[in-house]
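Asks: Got a structure here, written out as structure tokens. Questions coming.
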Amino acid sequence: MKKFCYLLISIVFLISCASHNMDSEKKKEIAIATQRVGEGFYNAGNYTLSLKNLLEAYETIPDDPYLNNSLGLVYLAKERYDLAENHFKKALELKKDYVDAKNNLGAAYLKLGKWTQAIECFEDVTKNLIYNNPEIPFSNLGWAYFHQKRYEKADFYFNKSLQINPKFIVSIHGLASVYLETGSYLKAIDFLDRELKKDPEAAILHSDIAKAYEGVNDMLKAKKSFETVLKLVPETSSLAREAKNKLNKLN
């Protein structure tokens with residue numbers, strides 16, 4: 001928080017001291033500081049202020065690959081997936097080995113339903129041996145294949161992700177989703193029961209196991225699990241809305 005405050009103070013100081021005819025280096029310095037402020041707002045979850053600052057920086061340094069990647073992330077958060085795609089592509093045009101932008105472009109393709117393009121991106125990322133969090137692109141591959149209804153492939157990549165990081169909730173939920181979609185309800189219950197013992201407050205997993213209980217017609221346990229979801233998430237969340245709808249049908 002202190003670092004973020006210092007950034008805000010620095011940019012205000014730079015702007016106040018800059019003359020009307022400031023040289024290009026000074027403009028670039030201010031743009032970079034503005035970019036850092038925008039990224040700080042993004043990390044704090046304030047996507048509107050983040051976008052405002054990043055767009056201001058973009059006026060001066062539109063060919064910065066890292067700025068384009070940051071803009072793509074904000075547009076992803078604001079559900080403007082088309083604009084996110086454009087900025088991730090530009091980041092990669094400017095820096096062809098920018099692996100984070102490649103993974104993020106794949107994420108944008110997932111949101112746009114472009115499964116084949118997403119798979120191509122994630123496969124490239126998984127080949128990068130120095131990528132910091134390899135469980136993420138493997139999980140993303142799982143989701144791309146899941147949406148293509150290629151469940152064996154999805155199962156393989158979710159498991160590969162979990163071999164790297166057994167606690168990665170996105171892949172745990174992904175593997176559970178494969179079991180549910182293929183009607184492997186008992187397998188889902190066994191798997192999710194083990195995972196919930198490790199992380200009893202994982203609302204998405206309570207929702208998954210509730211659906212598995214529905215699949216085997218154990219409505220009492222399904223109801224109990226959906227009620228647990230409501231205790232764990234805000235009532236305005238999509239998980240809460242789904243749980244309420246399910247409970248209304250079960251009552």
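Asks: Stretch residue 133-residue 251 to full length: gain in nm at 0.36 nm per residue minus the Cα-Cα span?
Replies: Contour length minus Cα-Cα distance gives 38.2 nm.
Asks: What are the membrane-span-like helices in the chain by this rule: whole DSSP H runs, Cα extent along the axis at least 15 Å, mean Kyte-Doolittle hydropathy at least 0.0?
Replies: Membrane-span-like by this rule: 2-17, 47-58, 65-77, 99-112, 135-147, 169-181, 203-215, 219-232.
Asks: Rounded to the nearest 0.05, what FRET efficiency is calculated for residue 236 and residue 55 with R0 set to 25 Å and r the Cβ-Cβ distance?
Replies: For R0 = 25 Å, the calculated efficiency reads 0.30.
Asks: Right, something else. If I take every Cα pair under 8 Å that is 6 or more residues apart in region 183-250, average their sequence separation and divide by the length, what percent do I get for the relative contact order?
Replies: 28 percent
Asks: If you take the square roots of the eigenvalues of the alpha-carbon gyration tensor of region 33-132 and sort them as a ≥ b ≥ c, do you get rounded (a/c under 1.5), prolate (a/b over b/c) or oblate?
Replies: Taking the square roots of the gyration eigenvalues as a ≥ b ≥ c, region 33-132 is prolate.
Asks: Next question. Given that just one value was derived from the coordinates, which of (i) 1.22; (ii) 1.40; (iii) 1.06 is Cα Rg over 2.2 N^0.38 Å?
Replies: Looking at Cα Rg over 2.2 N^0.38 Å for this model, the match is (i).
Asks: Assuming R0 = 45 Å, what is the FRET efficiency of residue 227 and residue 82, from their Cβ-Cβ distance, to the nearest 0.05?
Replies: 0.70
Asks: Could I ask something else about it? Once you sort the root eigenvalues of the Cα gyration tensor of region 183-250 as a ≥ b ≥ c, which label holds: rounded (a/c under 1.5), prolate (a/b larger than b/c) or oblate (the other case)?
Replies: Verdict is oblate for region 183-250.
Asks: Would you order 87, 147, 206 from fewest to most other beta-carbon atoms within 10 Å of each residue's own beta-carbon?
Replies: Result, fewest neighbours first: 147, 206, 87.
Asks: Per DSSP H run of at least 4 residues, take -39500 (n - 2.57); add these up for the chain, divide by its residues and hand me the 222 nm value, nearest 500 deg cm²/dmol.
Replies: -25000 deg cm²/dmol
Asks: Which of 99, 216, 229 comes first, and how do the rest follow, when ranked by fewest Cβ neighbours within 10 Å?
Replies: In increasing order of surrounding Cβ atoms, one gets 216, 99, 229.
Asks: Calculate the FRET efficiency for residue 198 and residue 23 from the Cβ-Cβ distance with a Förster distance of 45 Å, rounded to the nearest 0.05.
Replies: Efficiency at R0 = 45 Å is approximately 0.20.
Asks: On to the next question. How long is the gain from residue 220 to residue 159 if the chain were fully straight, where each residue apart is worth 0.36 nm and the alpha carbon distance is subtracted?
Replies: Here the segment from residue 220 to residue 159 would lengthen by 18.9 nm.
Values in this text are rule-based calculations from the coordinates and carry no lab data. This structure is a prediction, so every number in the text was calculated from the model and none was measured. Glycine also receives a Cβ, built like all others from the backbone with ideal geometry; neighbour counts cover every protein chain displayed.
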